[in-house]
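The block underneath contains the structure these notes are about, expressed in structure tokens.
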Amino acid sequence: MIYLDNAASTPLDGMVLDVMTACQRDIYGNPSSVHGEGRKARVAVEQARRTIAGLMNVSPSEVFFTSGGTEANNAILWGCARDFGHRHFITSRLEHPAVLRPLEVLREAMDIHVHHVEVDPLGHIDTDHLAGLLRRYPGSVVSLMHANNETGNLLPVKAVAALCREHQAPFHSDTVQTAGKFNLDIDNLDIDYAVASAHKFHGPKGAGFMVVRPGKFFKPFITGGTQERNMRAGTENVCGIVGMAKALEVAHERMEEDQAHIAVLKKECIRLLREQIPGVTFNGDAEGSSLHTILNLSLPAGTDAEMLLPKLDIAGICVSSGSACASGTSKGSHVLEALGADPDRPSLRVSFSRYNALDEVATLVKNLNR
Ligand code: PLP
């Protein structure tokens, strides 16, 4: 199996599996129980919180565990509208559905206004347009993802954060694709709300967290018990949390080495594609300000789109498809559509991890060329 769909999910790291196995075996108390077994679970959760907080350069009191990125984004956007009374939200059409859908639902439920910042042909947001929107709607909530999950395009986070400060606008960034890939010093980046999902950095599925900066706390999105200092009800996913902290720790320890290795894979993939598939093009800013783990390409017109993924699947190659949809009727990629990609050309997202090797990239390209 050649697994090149790491933006969708990543294989579990062996060390993460070990700590999770030990946790499942040895730690079974409820962290809210006051007896010895409960306290053991509480210690494990709080140790994980301290580890994550240290890696994100925030205080442990600003880290809240969730089931993943989707829940964290929902909680933050709902919190901003419901508890802080924000009525204007600025985002882009290229965001993940975990941001776009909650904003649509909020619009129906609370009469909020959603403004879309313009993007250039490569898919980078137009900061002048953002500044204009902020002047017009000061105090809007800005929600812009750090790295686009389809194209890998990177947001100039510090410049956006500075604009947000200037206009007293809370800044939410969906950092799901970049947590564990870069050193996300949240204090230095000046993001008010950041989110992460363990399964994107070789941790378990169903575990994530949000970072909420001081003064930006909201009421719980999921209500019930008073877990997570009353920010998120429900018994903590203890072993998921422990595994996530280990995965983030390992990702930070190996970060430079992994970045260098994966960047070589991406560069070689681009080179081989250009060499072997005339007419191939890349969506987003593949060779510019782009995440090293993601490459989005369109194959030449005339490629059999329907057979493409089954063919790769038979060859044991896992990638994601995503084409611009022609009329909005077929379900395609809203990102590629917004970028004006040709709907008649099949597109693929290839996404790498530290477990991939150069020969796998060569095999992928060879199979695309058949
Ligand atoms: N945001 C982005 C940018 C993503 O890529 C994903 C996962 O595909 C999510 C949010 C959703 O995260 P989760 O799977 O943890 O709910």
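No value in this document is a laboratory result; all are computed from the given coordinates. Source: prediction; values computed, not measured. When we count neighbours, we look across all protein chains shown, and the Cβ atoms used for this are built from the backbone with ideal geometry, even at glycine.
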Amide H neighbours of N149 under 5 Å, at least 5 residues apart or on other chains, H built in the peptide plane: list them.
none
Quick one: which of 38-50, 92-104 comes out on top by average Cβ neighbours within 10 Å, and what's the full order, highest first?
92-104, 38-50
With N set to the number of residues, divide the alpha-carbon radius of gyration of region 74-123 by 2.2 N^0.38 Å and report two decimals.
1.16
Which links in K266/K366; K40/K246; K205/K366; K267/K311; K246/K311 stretch past 27 Å when you go from one Cα to the other?
K205/K366; K246/K311
With a Cα-only, solvent-free Debye model of region 216-370, what are the log10 I(q)/I(0) values at q = 0.16, 0.21 Å⁻¹?
-0.94, -1.25
Express in whole angstrom the spacing between the alpha-carbon centres of region 266-281 and region 182-248.
38 Å
At 0.36 nm per residue, and after removing the present C-alpha to C-alpha distance, how many nm does the segment from M110 to S61 gain when stretched out fully?
14.7 nm
By what distance, in whole Å, do the Cα atoms of region 14-253 stretch along each of the three principal axes, largest value first?
56, 35, 27
Can you say what percent of the DSSP beta bridges in region 14-253, counting only those with both residues inside, are antiparallel? Round to 5.
50 percent
Calc'd 3J(HN,Hα), region 174-183, phi into Karplus 6.51 cos²θ - 1.76 cosθ + 1.60 (θ = phi - 60°), Hz, glycine/Pro = x, comes to 6, 9, 4, 7, 10, 4, x, 9, 10, 7
Backbone HN-Hα couplings from phi across region 137-143 [Karplus 6.51/-1.76/1.60, Hz, Gly and Pro as x]:
10, x, x, 5, 7, 9, 10
Karplus ³J(HN,Hα) for region 237-246 (6.51 cos²θ - 1.76 cosθ + 1.60, θ = phi - 60°; Hz, whole; x = Gly/Pro) runs 7, 3, 6, x, 5, 4, x, 5, 4, 5
Given H placed 1.01 Å from N in the peptide plane, which residues other than close sequence neighbours of G29 have an amide H under 5 Å from its amide H?
A41
Under 5 Å between amide H atoms, partner at least 5 residues away or on a different chain: which partners does F282 have, H built in plane at 1.01 Å?
S298
Specify the inter-centroid distance of region 1-75 and region 126-149, based on alpha-carbon positions, in whole Å.
32 Å
Please get the size of the charge dipole for region 197-304, origin at its Cα centre, with Cβ charges of +1 on Lys and Arg and -1 on Asp and Glu, quoted in debye to the nearest 20.
540 debye
How much FRET efficiency would the formula 1/(1 + (r/R0)^6) give for R25 and D185, where r is the Cβ-Cβ distance and R0 is 30 Å, rounded to 0.05?
0.30
Quick shape check on region 104-233: root eigenvalues a ≥ b ≥ c of the Cα gyration tensor, a/c under 1.5 is rounded, otherwise prolate if a/b tops b/c, else oblate, and it reads oblate
Could you pull out which residues in region 190-209 have an amide N less than 20 Å from a spot 7 Å beyond the Cα of A131, following the Cα-Cβ vector?
190-191
Taking 0.36 nm per residue of separation between I277 and R82 and subtracting their Cα-Cα distance, the length gained on full extension comes to 65.1 nm
